[in-house]
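The values are calculated or read from the model by the stated rules, or taken from the named source; none is laboratory data. These numbers were taken from a predicted model, which means no experiment stands behind them. Positions of Cβ are backbone-derived with ideal geometry, glycine not excepted, and every protein chain shown enters the neighbour counts.
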């Protein structure tokens, strides 16, 4: 069964450094998302992406964050200058072109980002 | 306003018993989805129920949705040790929003 994959599984970085988290969504999906989960807290929406542009973003998704679909398969989240509070598990998700407003979102295994 | 608040926050039962988890939300929705998360791992999609559906089954899972009460329940029958995980409901707001709003989750422990 097709799966969303994410790399790396764990990323450790120094405060102020840039990180790029990578995702390969399920191949025929058209909607892509990033969420994050700070340890012990609920999963929070960051951004949704469709037709090569951001369709919605949360207050968390400030100018430090950007997303890109550089080719036909990858979907990336970049954090330009990481802060301690960016430490979290980051989940990528994708959903198929069902024609409905929202359909099942399939999540990847996550990238644990630790900012020191 | 907060969406997708689950209760109880933690539930511990014996293997073989049924587990019921509830979720309440505040705004009108298109769909409600339930996910499972094993400790420190990814989110596994369990079931999606649409706003015009009242009940849905998938294997040992039964989900109900009451849009008049803005609530949903997830029933796991004949629980197994492997069902030990956190369970989250996630809603999407009616009106075209694509984002899912998750609750805090219910931590389910199945004791052998």
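Which of the numbered conditions does residue B:40 fail, given that it passes all the others? Conditions: (1) within 30 Å of residue A:111 (Cβ to Cβ); (2) part of a strand (DSSP E or B); (3) within 14 Å of another protein chain (Cβ to nearest Cβ).
(2)
Tell me yes or no: at least one residue of the stretch B:52-66 is assigned to a loop (DSSP other than H, G, I, E, B), in contact (Cβ under 8 Å) with a residue 24 or more places away in the chain and in contact with a strand residue (DSSP E or B) (Cβ under 8 Å, 6 or more places away or on another chain).
Looking through the stretch B:52-66, none of the residues is assigned to a loop (DSSP other than H, G, I, E, B), in contact (Cβ under 8 Å) with a residue 24 or more places away in the chain and in contact with a strand residue (DSSP E or B) (Cβ under 8 Å, 6 or more places away or on another chain).
So is residue A:32 within 13 Å of another protein chain (Cβ to nearest Cβ) and without any contact (Cβ under 8 Å) to a residue 60 or more places away in the chain or not?
no
Please verify whether the stretch B:88-108 includes one or more residues that are touching a helix residue (DSSP H, G or I) at 6+ places or on another chain (Cβ under 7 Å) and under 26 Å from residue A:44 (Cβ atoms).
Yes, because at least one residue in the stretch B:88-108 is touching a helix residue (DSSP H, G or I) at 6+ places or on another chain (Cβ under 7 Å) and under 26 Å from residue A:44 (Cβ atoms).
Just the residues that are modelled with pLDDT under 95 and more than 9 Å from every other protein chain (Cβ to nearest Cβ), please, taken from the stretch B:94-110.
Within the stretch B:94-110, B:106, B:107 qualify.
With respect to residue B:40, is the statement that it is surrounded by fewer than 14 Cβ atoms within 10 Å (Cβ to Cβ) and under 22 Å from residue A:91 (Cα atoms) true?
yes
Can you spot a residue in the stretch A:50-58 that is in contact with a strand residue (DSSP E or B) (Cβ under 8 Å, 6 or more places away or on another chain) and closer than 23 Å to residue B:41 by Cα? First the steps, then the outcome.
Initially, the stretch A:50-58 is screened for residues in contact with a strand residue (DSSP E or B) (Cβ under 8 Å, 6 or more places away or on another chain), giving A:50, A:54-58.
Applying the additional criterion that residues be closer than 23 Å to residue B:41 by Cα yields none.
No.
Mind listing whichever residues of the stretch A:83-104 are within 11 Å of another protein chain (Cβ to nearest Cβ) and either in a loop (DSSP other than H, G, I, E, B) or modelled with pLDDT under 85 (or both)?
A:98, A:100, A:101, A:102, A:103, A:104
Which residue, of A:1, A:18, is modelled with pLDDT under 95 and either over 12 Å from the mean Cα position of the chain (by Cα) or within 14 Å of chain B (Cβ to nearest Cβ) (or both)?
Details: A:18 fails: modelled with pLDDT under 95.
Sole residue among the options that is modelled with pLDDT under 95 and either over 12 Å from the mean Cα position of the chain (by Cα) or within 14 Å of chain B (Cβ to nearest Cβ) (or both): A:1.
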